[in-house]
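Student: Starting off with a structure, shown below.
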């Protein structure tokens with residue numbers, strides 16, 4: 001290969017290879033490290049690098065979701081989970097378990113065998129490039145008049161799938177609620193303060209954080225709404241916007257305390273919101289039924305113009321997704337932070 | 001030119017990764033993660049110019065916002081071992097009155 | 001008149017290249033500093049200062065390429081957010097380390113080398 005002439009393809013291949021190498025290093029480090037803090041941070045880095053890789057593969061919407069979930073919220077939630085578990089564990093005795101080893105080996109071999117069946121990257125005959133995907137690409141613009149194909153496929157052609165995903169998120173929120181409580185009283189008692197720390201000290205020393213966060217929070221919410229309503233034209237949509245707005249509330253809770261956040265966004269509102277979003281989504285579908293067509297068919301929403309009906313329907317379900325995702329994130333956050341940790345300060 | 005900058009940023013990211021894996025103190029690790037995030041934001045901006053898709057800048061914007069939240073959460077965890085305490089209170093009317101009476 | 005505009009056009013891209021490479025240099029230098037400097041506070045210095053300088057230069061270079069477009073506005077916003085959050089995060093890390101009574105390495109270089117058992121400076 002001629003060194004001083006690098007075609008764009010070669011350049012991207014180099015970048016892809018470096019990114020994948022980084023992913024591999026981070027993954028191995030996560031397996032090897034004992035320090036749970038470091039693992040949480042490495043998980044953040046893993047998400048950062050994989051988002052970069054998604055951008056490099058031209059999957060901008062996936063990268064956007066990874067960026068919204070991986071960097072901010074999942075770190076916070078993992079830390080919240082760590083608070084409820086003990087940090088130290090007895091060292092496990094190194095026992096050789098041959099049965100598990102062979103099962104893992106067999107699974108790995110099966111997966112490697114399956115990889116050879118996968119279509120190569122960019123193969124024009126592979127399933128997503130050949131059959132229904134091409135049809136979506138061809139019909140999307142005349143049908144919906146929405147430039148971002150991802151949005152129209154996700155919300156219109158694959159509306160059932162997305163309804164399922166939204167319900168899964170609601171179910172996840174319900175599960176966390178059932179295990180960790182509703183973020184209110186625990187066994188009839190309000191949570192005690194875990195640590196008796198000096199308020200005056202905190203206030204004196206965190207002026208910078210308070211001022212900068214006060215500047216950032218409205219901007220984050222504003223950006224969330226931009227992502228929500230710009231989802232038809234660029235990367236983004238209800239899922240990402242919900243996470244972004246929830247992380248603004250979480251930042252508020254981190255700086256001003258969960259009690260202040262609960263005063264601003266009460267747990268009751270959050271709980272109602274989680275269900276309301278799915279209701280809006282399902283209701284949009286039923287509106288199609290009432291107007292004399294199929295479930296989740298948006299063409300009939302506007303009797304004069306089918307594309308406008310599509311836009312209306314997509315907008316409406318995206319708002320439903322936004323409300324559910326945002327609420328469920330906050331349900332999980334409130335659930336984690338409202339528990340009394342079982343461990344004492346000595347355990348650290 | 002843009003490609004050279006991209007490679008420089010990737011080199012910087014690799015060095016940060018080395019510091020993150022080595023970092024003797026937890027604070028070194030936090031520093032490395034935060035710095036890695038900043039470099040990722042820059043990389044996304046430059047890279048979206050390289051591939052000619054301006055959508056990368058949107059993601060960079062999002063990361064610039066999210067990275068901050070992650071760092072604050074980690075640091076709060078270090079200092080207070082809790083996520084729910086307030087780092088700072090909104091000055092309420094009562095405390096303001098008290099402060100006025102004192103001074 | 002048109003030649004002047006052409007020269008400006010070429011100069012714009014030349015300047016953008018200088019900014020980009022300069023920014024890349026600062027980021028790389030900062031990264032090397034973070035890896036090589038002996039203790040946490042000096043590493044903090046390397047990371048905090050050069051990140052601000054490097055990101056400003058790189059974003060300015062990209063804005064010169066993009067011209068007066070929405071993209072430039074977004075890049076300016078990225079710059080603004082980094083400008084706000086990067087020093088704040090650095091401050092928060094430093095504050096937390098200080099509160100946790102992490103001691104800086106003191107003394108001359110030779111002593112530091114002797115007393116440094118953390119392997120920071122090789």
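The values are calculated or read from the model by the stated rules, or taken from the named source; none is laboratory data. Bear in mind that the values here come from a model prediction, so they are computed numbers and not experimental data. Cβ atoms come from the backbone with ideal geometry, glycine included; neighbour counts cover every protein chain shown.
Student: For region A:160-189, enumerate the residues that are modelled with pLDDT of 80 or more, over 19 Å from the mean Cα position of the chain (by Cα) and surrounded by 12 or more Cβ atoms within 10 Å (Cβ to Cβ).
Tutor: Selection gives A:180 alone.
Student: With the requirement that a residue be under 13 Å from residue A:62 (Cα atoms) and more than 9 Å from every other protein chain (Cβ to nearest Cβ), what does region A:239-251 give you? Show your work before the answer.
Tutor: Here is the first cut: in region A:239-251, the ones under 13 Å from residue A:62 (Cα atoms) are A:239-240.
Across region A:239-251, the qualifying residue is only A:239.
Student: Confirm whether residue A:69 is over 15 Å from the mean Cα position of the chain (by Cα) and assigned to a helix (DSSP H, G or I).
Tutor: Details: over 15 Å from the mean Cα position of the chain (by Cα): no; assigned to a helix (DSSP H, G or I): yes.
Taking the combined requirement at face value, the residue does not satisfy it.
Student: Looking for something outside the structural domain of residue A:237 (by TED's automatic domain parsing), farther than 30 Å from residue A:148 by Cα and assigned to a helix (DSSP H, G or I) - is there at least one such residue anywhere in region A:115-122?
Tutor: The answer is yes, given that some residue of region A:115-122 is outside the structural domain of residue A:237 (by TED's automatic domain parsing), farther than 30 Å from residue A:148 by Cα and assigned to a helix (DSSP H, G or I).
Student: I'm told residue A:58 meets every condition in (1) modelled with pLDDT under 85; (2) at negative phi; (3) facing chain B (nearest Cβ under 10 Å) except one. Can you identify the failing condition by its number?
Tutor: (2)
Student: Another question, then. Search region C:51-79 for residues being more than 9 Å from chain B (Cβ to nearest Cβ) and either outside any helix (DSSP H, G or I) or without any contact (Cβ under 8 Å) to a residue 12 or more places away in the chain (or both), and hand back the single one that is nearest to residue A:223 (Cα to Cα).
Tutor: C:73
Student: From the residues in region A:198-211 that are in a helix (DSSP H, G or I) and either more than 8 Å from chain B (Cβ to nearest Cβ) or under 19 Å from residue A:246 (Cβ atoms) (or both), which one is modelled with the highest pLDDT?
Tutor: As a first pass, look at region A:198-211 and keep what is in a helix (DSSP H, G or I): A:199-205, A:207-211.
From what's left, either more than 8 Å from chain B (Cβ to nearest Cβ) or under 19 Å from residue A:246 (Cβ atoms) (or both): A:200-201, A:204-205, A:208, A:211.
Working: A:200: 43, A:201: 49, A:204: 50, A:205: 58, A:208: 82, A:211: 86.
Step by step, filter region A:198-211, then rank; the result is A:211.
Student: Here are C:48, C:33, C:17, C:23: which of them is more than 9 Å from every other protein chain (Cβ to nearest Cβ) and part of a helix (DSSP H, G or I)?
Tutor: Among C:48, C:33, C:17, C:23, only C:33 is more than 9 Å from every other protein chain (Cβ to nearest Cβ) and part of a helix (DSSP H, G or I).
Student: Could you pull out the residue among A:81, A:59, A:127 that is more than 30 Å from residue B:12 (Cβ to Cβ) and free of Cβ contacts under 8 Å to residues at least 40 places away in the same chain?
Tutor: Going through A:81, A:59, A:127 in turn, the sole match is A:127.
Student: In region B:1-44, which residues are more than 7 Å from chain C (Cβ to nearest Cβ) and in a loop (DSSP other than H, G, I, E, B)?
Tutor: Matches in region B:1-44: B:23 only.
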